[in-house]
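Only one structure is covered here, and it is reproduced in the block below.
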Amino acid sequence: MADAVIVVALLLVAVSATAAVAVRDPVRQALVLSVLGLVLAVLFTVLQAPDVALSQLAVGSALTPLLLLLAVHKVRRRGKKEGHRR
């Protein structure tokens with residue numbers, strides 16, 4: 001039973017990681033990266049590593065996507081300002 005749960009979690013990780021690479025829009029990519037962080041946290045929980053799962057939950061599914069979204073927002077805003085100057 002435990003092996004089946006691990007296999008399902010690994011498949012979910014593979015699917016979400018592939019989706020994160022396949023998505024072209026940076027905003028959607030950050031959201032899919034957040035889902036990947038959640039799935040990895042579940043995998044680490046299944047593998048009985050709750051401390052790693054909590055770290056992954058905080059960093060991989062919250063902080064990193066947030067920083068990416070803020071960077072994309074700033075780049076797009078700066079691009080619009082420079083577009084008006086020309």
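By a 1.4 Å probe calculation restricted to protein chains, Ser61 has an accessible surface near 20 Å², given to the nearest 10. Name the residue from Val75, Met1, Gln48 whose Cα lies farthest towards the positive end of the charge dipole of the chain, charges +1 on Cβ of Lys and Arg and -1 on Cβ of Asp and Glu. Looking along the dipole axis, the top candidate is Val75. Dividing the helix sum by the residues of the chain, where each DSSP H run of 4 or more adds -39500 (n - 2.57), gives a mean residue ellipticity at 222 nm of -29000 deg cm²/dmol. Seen through its C-alpha gyration tensor, with square-root eigenvalues sorted a ≥ b ≥ c, segment 28-86 comes out prolate because a/c lies at 1.5 or above while a/b is bigger than b/c. Using a probe of 1.4 angstrom and keeping all protein chains present, the accessible surface of the chain works out to 74 square angstrom per residue.
For the options Ala41, Ala20, Ala71, a Gaussian network treatment of the chain with springs between C-alpha atoms closer than 10 Å singles out Ala71 as fluctuating the most. Rolling a 1.4 Å probe over the protein heavy atoms of segment 37-86, with every protein chain left in place, gives an accessible area that is 66 percent carbon and sulfur. Evaluated with a Cβ-only charge set (Lys, Arg +1; Asp, Glu -1), the chain carries a dipole of roughly 1080 debye about its Cα centre, given to the nearest 20. Which FRET efficiency, nearest 0.05, do Thr45 and Lys74 yield, Cβ-Cβ r, R0 25 Å? Once rounded, the FRET efficiency stands at 0.15. Relative to the dominant Cα principal axis of the chain, helix 64-85 is inclined by about 10°.
The values are calculated or read from the model by the stated rules, or taken from the named source; none is laboratory data. Keep in mind the model is a prediction, meaning the values are calculated, not measured. Cβ sites come from the backbone with ideal geometry, for glycine too, and all protein chains shown count toward neighbours. Note: areas computed on protein heavy atoms with side chains; ligands, DNA, RNA excluded. Shrake-Rupley method; radii C 1.70, N 1.55, O 1.52, S 1.80 Å.
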